[in-house]
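Participant: Below is a structure I'd like to ask you about.
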Amino acid sequence: MLNKNALRALMRERKQQFTQQQLGELSATVVSHMREYLMLMDNIVAYYSLPDEVCTHQLLDELLAAGKNVYLPKVVSDTEMVLCRYTGRDSLQKGAFGIMEPTGPVMPKEKYNDIKVVLVPGVAFDKENRRLGRGKGYYDRFLSSFSQPRCAVFYGVCFDFQRVDAIPADEHDVCMDGLIS
Ligand SMILES: Nc1ncnc2c1ncn2[C@@H]1O[C@H](COP(=O)(O)OP(=O)(O)O)[C@@H](O)[C@H]1O
Ligand SMILES: [Mg+2]
């Protein structure tokens, strides 16, 4: 089994086989697999994609237009991310790692119980729904802060080529409940 860093390198290589336009087309397919499901949810945690991730930009605006409460992560320290309400692209600001983040008030932890679904980006996912991130563990810490038993389901969102047989998971790695690709 490849170690985490070797898997990250392999995924970089795989992504480089695609142009930005091709990734955009593949993204549209992935989004088409979750749109209807998300339209049944009211409180949704999503991510504002970077160029090498499944593009969520249009989806976020569709969810907003449909009256959904959409929340995006905001990095507030070397270890922690919090959630802020997404109110449209105009209110986003570039944050840590070049990720666009909302600027509104932070969602209190007590409110996490209202969240029904969390869309989680990743570098790779395996057959047991294990997730590999970029190596800083932000999502592991964030997702483990949901109280048990939790109401929210965690979905890893990825391109098909990001699915691998096995990821060497550590004790702290938080598994997804399912994958959308
Ligand atoms: N719940 C946690 N508490 C403390 N440290 C954590 C936690 N989750 C992850 N980490 C730390 O974050 C670092 C990166 O985690 P890793 O799983 O390799 O990255 P990623 O999930 O981004 O692929 C590790 O050194 C790990 O110790
Ligand atoms: Mg991890």
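Participant: Per DSSP H run of n ≥ 4, the term is -39500 (n - 2.57); total these for the chain, divide by its residue number, and report the mean residue ellipticity at 222 nm rounded to 500 deg cm²/dmol. Working shown, then result.
Facilitator: On the way: 5 runs with 46 residues, N = 181.
That calculation yields -7000 deg cm²/dmol at 222 nm.
Participant: Collect residues whose amide H, placed 1.01 Å from N in the peptide plane, falls under 5 Å from the amide H of ILE180; neighbours closer than 5 in sequence don't count.
Facilitator: Answer set, sorted by chain and number: GLY156, VAL157, CYS158.
Participant: 7 Å from Cα along Cα→Cβ at both ARG163 and GLN16: what's the point-to-point distance in nm?
Facilitator: 2.5
Participant: Where in region 157-181 does the amide nitrogen come within less than 15 Å of the point 7 Å from the Cα of ASN3, taken along Cα to Cβ?
Facilitator: 168-170
Participant: While we're here: At a 1.4 Å probe radius, which order do THR56, THR87, THR79 fall into by accessible area, largest first? Write out the running numbers ahead of the final one.
Facilitator: On the way: THR56 0, THR87 95, THR79 70 Å².
Result of the area sort, largest leading: THR87, THR79, THR56.
Participant: What does the net charge come to around VAL118 if you take all other residues with beta carbon closer than 11 Å to its beta carbon, with K and R at +1 and D and E at -1? Let's see the in-between values first.
Facilitator: On the way: positive: LYS116, ARG150; negative: ASP177.
Net of charged neighbours comes to +1.
Participant: If DNA, RNA and ligands are ignored and the probe is 1.4 Å, what is the ranking of GLU171, GLU62 by accessible area, most exposed first?
Facilitator: Details: GLU171 185, GLU62 45 Å².
Greatest to least solvent exposure: GLU171, GLU62.
Participant: Still on this structure, I have one more. Considering only the other residues whose Cβ falls under 13 Å of the Cβ of ASP177, what net charge follows from Lys and Arg at +1 and Asp and Glu at -1?
Facilitator: On the way: positive: LYS116, ARG130, ARG131, ARG150; negative: GLU128.
Cβ neighbours under 13 Å give a net charge of +3.
Participant: Pairs to check: LYS68/LYS94; LYS68/LYS127; LYS15/LYS109; LYS15/LYS68; LYS15/LYS127. Give those whose C-alpha atoms are more than 28 Å from each other in this structure.
Facilitator: Working: LYS68/LYS94 23 Å; LYS68/LYS127 31 Å; LYS15/LYS109 35 Å; LYS15/LYS68 31 Å; LYS15/LYS127 20 Å.
The answer is LYS68/LYS127; LYS15/LYS109; LYS15/LYS68.
Participant: So what is the accessible area of region 1-108 per residue, in Å², with the probe set to 1.4 Å?
Facilitator: Result: 55 Å² per residue.
Participant: Gaussian network model of the chain, Cα springs within a sub-10 Å range: biggest mean-square fluctuation belongs to which of LEU40, LEU50, LEU59?
Facilitator: For the chain, modelled as a Gaussian network with Cα springs under 10 Å, the answer is LEU40.
Participant: With Cβ to Cβ distances under 13 Å as the rule, what net charge do the other residues near VAL31 carry (K, R +1; D, E -1)?
Facilitator: On the way: positive: ARG35; negative: GLU25, GLU36, GLU53, ASP61, GLU62.
With Lys, Arg at +1 and Asp, Glu at -1, the neighbours total -4.
Participant: While we're here: Once the whole set of protein chains is in place, how much accessible area is left on SER91, using a 1.4 Å probe, in Å² to the nearest 10?
Facilitator: Here the accessible area works out near 30 Å².
Participant: Restricting to DSSP loop positions (anything but H, G, I, E, B) with no more than 12 other Cβ atoms inside 10 Å of their own Cβ, which trypsin sites (Lys or Arg not before Pro) remain in region 72-146? If you can, show how the numbers build up before the last one.
Facilitator: Working: sites: LYS74, ARG85, ARG89, LYS94, LYS109, LYS111, LYS116, LYS127, ARG130, ARG131, ARG134, LYS136, ARG141; in loops: LYS116, LYS127, ARG130, ARG134, LYS136.
Listed in order of number, the matching sites are LYS127.
Participant: Along the positive direction of the dipole of the chain (beta-carbon charges: Lys, Arg +1; Asp, Glu -1; about the Cα centre), which of GLN20, ALA96, ILE167 reaches farthest?
Facilitator: ALA96
Participant: In region 64-123, with Lys and Arg counted as +1 and Asp and Glu as -1 at Cβ, which of these residues, ASN113, VAL123, VAL70, has the Cα nearest the positive end of the dipole, that is, farthest along it?
Facilitator: Looking along the dipole axis, the top candidate is VAL70.
Participant: Let me have the relative contact order for region 1-144, percent, based on Cα pairs under 8 Å that are six or more residues apart. If you can, show how the numbers build up before the last one.
Facilitator: Details: 186 pairs, mean separation 32.0, N = 144.
Reported relative contact order: 22 percent.
Participant: If you don't mind, there's one more thing I want to ask. Ignoring ligands, DNA and RNA, please state the percent of accessible area on the chain from carbon and sulfur, probe 1.4 Å.
Facilitator: Details: 4620 of 9350 Å².
Roughly 49 percent, rounded to a whole number.
Participant: Would you mind calculating the relative contact order of region 50-90 from Cα pairs under 8 angstrom and at least 6 residues apart, reporting the percent as a whole number?
Facilitator: Values: 31 pairs, mean separation 12.2, N = 41.
Across region 50-90, relative contact order equals 30 percent.
Participant: I'd like the accessible area for ASP140, computed on protein heavy atoms only with a 1.4 Å probe and all protein chains in place. Round to 10 Å², please.
Facilitator: 20
Participant: Quick one: order GLU13, GLU110 from most to least accessible surface, probe 1.4 Å. Don't skip to the answer; put the middle values down first.
Facilitator: Details: GLU13 110, GLU110 140 Å².
Result, largest first: GLU110, GLU13.
Participant: So how strong a dipole does the chain carry about its Cα centre when Lys and Arg Cβ are +1 and Asp and Glu Cβ are -1, to the nearest 20 debye? Walk me through the numbers before you get to the answer.
Facilitator: Numbers: 22 positive and 23 negative charges, 44 e Å.
Computed about the Cα centre, the dipole is about 200 debye.
The values are calculated or read from the model by the stated rules, or taken from the named source; none is laboratory data. Bear in mind the structure is a predicted one, so any value in this text is a computation, not a measurement. Note that we place each Cβ from the backbone using ideal geometry, even for glycine, and neighbour counts take in every protein chain shown. Only protein heavy atoms, including side chains, enter the accessible area calculation; ligands, DNA and RNA are left aside. Shrake-Rupley method; radii C 1.70, N 1.55, O 1.52, S 1.80 Å.
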